[in-house]
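The values are calculated or read from the model by the stated rules, or taken from the named source; none is laboratory data. Keep in mind the model is a prediction, meaning the values are calculated, not measured. Cβ: placed from backbone, ideal geometry, glycine included. Neighbour counts: every protein chain shown.
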Amino acid sequence: MPATKKPARSTASTVFTAEEKAAMKELIKERKASGNKAEAEADCLAKIAEMPPSDRKMAERLHKLMVATAPQLGPKTWYGMPAYARDGNVVCFFQSAGKFKARYATLGFTDKANLDDGEMWPTYYALKTLTTAGEAKIAKLVKRAVTSGR
């Protein structure tokens, strides 16, 4: 009697970290949620409230800056992170340092942001603290990111 082969075991459990798996579960939850803008902003603010104090302080300031600088962007969550979208497409997001146990938080821009500058340009910015000067730079980037021209 020939021996039967066992099916190959999935390596997904070793490929993704627990944090990455949690982010993917968040994305599934977000996609199942209704398109209610008030609910989306409440989810965004709830994610900010869950952050460690230093990240939470930056995220709260960034949220105020995003809402004031680019009111056409709607707050929501994206992979469990605060994000700001136009027409359902995420333009920028904040990744807490605590989320992936990184040494700095990140402000990221997707390909929906109008930041194109020649052949190469940055789309992620490391944030250790958020100063008034930093807020001014971010406001300028966000204004540029939401301008039409693409």
Query raised in the report: Based on what the data block shows, is VAL142 touching a residue at least 24 places away in the same chain (Cβ under 8 Å) and part of a strand (DSSP E or B)?
Result: no
Report task. Please work out if ARG103 is assigned to a loop (DSSP other than H, G, I, E, B) and either under 14 Å from the mean Cα position of the chain (by Cα) or surrounded by fewer than 17 Cβ atoms within 10 Å (Cβ to Cβ) (or both). Result -> yes
Query raised in the report: Do we have LEU65 as in a helix (DSSP H, G or I) and in contact with an Asp or Glu (Cβ under 7 Å, 6 or more places away or on another chain) here?
Result: yes
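Yes/no per residue for (1) farther than 19 Å from ALA105 by Cβ; (2) modelled with pLDDT of 85 or more; (3) exposed (fewer than 10 other Cβ atoms within 10 Å of the Cβ); (4) touching a strand residue (DSSP E or B) at 6+ places or on another chain (Cβ under 6 Å):
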position	(1), (2), (3), (4)
LYS5	yes, no, yes, no
ALA18	yes, yes, yes, no
ARG31	yes, no, yes, no
ALA42	yes, yes, no, no
ARG56	no, yes, no, no
MET66	no, yes, no, yes
Requested in this report: Consider only pairs whose beta carbons are under 8 Å apart and that are at least six residues apart or on different chains; among these, list those whose first residue lies in the range 41-54 and is without any contact (Cβ under 8 Å) to a residue 60 or more places away in the chain and whose second residue is among the hydrophobic types (A, V, I, L, M, F, W, C) and loosely packed, with under 14 Cβ neighbours inside 10 Å.
Outcome: ASP43/ALA33
Report task. Answer yes or no as to whether LEU127 is closer than 20 Å to ALA49 by Cα and touching a Ser or Thr at 6+ places or on another chain (Cβ under 8 Å). Result -> yes
Query raised in the report: Do we find that LYS101 is over 24 Å from GLU20 (Cβ atoms) and touching a residue at least 24 places away in the same chain (Cβ under 8 Å) in this structure?
Result: no
Report summary line: Filtering the range 82-100 down to residues that are in contact with an Asp or Glu (Cβ under 8 Å, 6 or more places away or on another chain) and either at pLDDT 95 or above or in a strand (DSSP E or B) (or both) yields SER96, ALA97
